[in-house]
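Visitor: If you scroll down you'll find the structure; I have some questions about it.
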Amino acid sequence: MESTLREEVRIFPDPEGLARAAAAIFAGSAERAIAGKGRFSVALSGGSTPLGLFRILGSAYGDTLRWEQVHLFWADERSVPPDHEESNFRHAHEELLSKVLIPASNIHRIRGELPPLEAAAGYAREMVSYFGTAGPPAFDCILLGLGQDGHTASLFPGSDGLKDTGHYALPSYSGAAGNWRVTLTLAVLNNAAEILFLVSGAAKAGIVREVLQKGQRDLYPAGSIRPSRGSITWLLDREAASGLGAC
Ligand code: 6PG
């Protein structure tokens with residue numbers, strides 16, 4: 001049976017409004033998961049868009065969220081050491097992890113300092129150790145960004161990872177950036193309870209329109225994000241949404 005995709009688009013005046021809304025959604029999801037099962041699992045996106053969210057979580061939610069019951073993973077990571085300027089972990093650490101009382105054991109970093117294949121295998125083992133073996137890792141929430149070419153996490157157009165069904169994490173080469181990464185696969189992304197896409201800036205207006213309005217969704221990796229049991233919420237600022245009809 002074709003599962004109906006539960007999807008919502010929310011548009012905010014500016015990146016700050018987007019970040020504040022994302023923080024409130026993150027906190028609400030965390031509180032519900034912690035109330036329901038005593039812990040919250042979330043995979044953070046990389047790139048620059050989520051930095052405002054991390055900053056707000058690290059300040060306005062530092063004392064209110066029960067960080068000792070939050071488990072942080074990553075949707076993808078560049079194959080660089082954790083202190084490298086390109087490291088998604090480093091940016092999350094600077095803006096969030098260093099600001100809240102989260103136990104080190106709750107931080108499930110992708111080891112970008114290792115060769116990509118080894119890092120991907122180790123990350124998959126870490127996810128299985130946390131989620132168990134009853135099926136693909138079932139995150140409560142996964143944050144994702146959107147590249148201008150329609151990539152998300154580190155699943156790029158034409159990449160083999162888009163066809164993979166047997167792994168939870170894979171190496172992935174970014175031709176545009178000229179670097180290797182490790183990415184969650186669609187088996188994991190599409191098993192999440194909640195996907196939050198955060199997309200900001202006029203440069204993304206074209207791809208947002210392609211993916212959300214022109215029916216070209218399946219041409220892009222972001223269009224392959226169809227959580228079978230979950231929902232998708234697109235959080236856009238006005239500039240990123242400017243290609244969407246009456247805006
Ligand atoms: C990464 C990301 C990637 C990112 C998009 C958007 O590690 O680069 O996971 O998928 O989310 O490229 O990046 P910006 O937020 O910097 O535009």
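The values are calculated or read from the model by the stated rules, or taken from the named source; none is laboratory data. Everything numeric in this text was worked out from a predicted model, so none of it was measured. Here Cβ is always computed from backbone atoms with ideal geometry, including for glycine, and neighbour counts include all displayed protein chains.
Visitor: Within the range 63-70, identify whether any single residue is within 11 Å of the ligand (Cβ to nearest atom), crowded, with 17+ Cβ neighbours inside 10 Å, modelled with pLDDT of 95 or more and assigned to a strand (DSSP E or B), and answer yes or no.
Guide: The answer is no; no qualifying residue exists.
Visitor: Name every residue in the range 202-224 that is of a type in the set (Val, Ile, Thr) and in contact with a helix residue (DSSP H, G or I) (Cβ under 6 Å, 6 or more places away or on another chain), in order of residue number.
Guide: Matches in the range 202-224: Val211 only.
Visitor: Would you mention how many residues in the range 118-154 are within 17 Å of Pro227 (Cα to Cα) and within 10 Å of the ligand (Cβ to nearest atom)?
Guide: Residues that pass the stated criteria total 7.
Yes/no matrix, rows are residues, columns are (1) surrounded by 15 or more Cβ atoms within 10 Å (Cβ to Cβ); (2) without any contact (Cβ under 8 Å) to a residue 12 or more places away in the chain; (3) farther than 20 Å from Ser87 by Cβ:
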{"position": "His167", "(1), (2), (3)": "yes, no, yes"}
{"position": "Ser174", "(1), (2), (3)": "yes, no, no"}
{"position": "Trp180", "(1), (2), (3)": "yes, no, no"}
{"position": "Leu184", "(1), (2), (3)": "yes, no, no"}
{"position": "Ala192", "(1), (2), (3)": "yes, no, yes"}
{"position": "Leu196", "(1), (2), (3)": "yes, no, yes"}
{"position": "Ser200", "(1), (2), (3)": "yes, no, yes"}
{"position": "Gly215", "(1), (2), (3)": "no, yes, yes"}
{"position": "Asp218", "(1), (2), (3)": "no, yes, yes"}
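Visitor: When you look at Arg209, is it within 18 Å of the chain's Cα centre (by Cα) and more than 30 Å from Arg32 (Cα to Cα), yes or no?
Guide: So Arg209 does not fit the description; no.
Visitor: While we're here: So, in the range 26-49, of the ones that are in contact with a Lys or Arg (Cβ under 9 Å, 6 or more places away or on another chain) and assigned to a helix (DSSP H, G or I), which residue ends up farthest from Pro136 (Cα to Cα)?
Guide: Within the range 26-49, the match that is farthest from Pro136 (Cα to Cα) is Glu31.
Visitor: Return yes when Pro157 is within 15 Å of the ligand (Cβ to nearest atom), in contact (Cβ under 8 Å) with a residue 12 or more places away in the chain and surrounded by fewer than 16 Cβ atoms within 10 Å (Cβ to Cβ) and no when it is not.
Guide: It is true that Pro157 is within 15 Å of the ligand (Cβ to nearest atom), in contact (Cβ under 8 Å) with a residue 12 or more places away in the chain and surrounded by fewer than 16 Cβ atoms within 10 Å (Cβ to Cβ).
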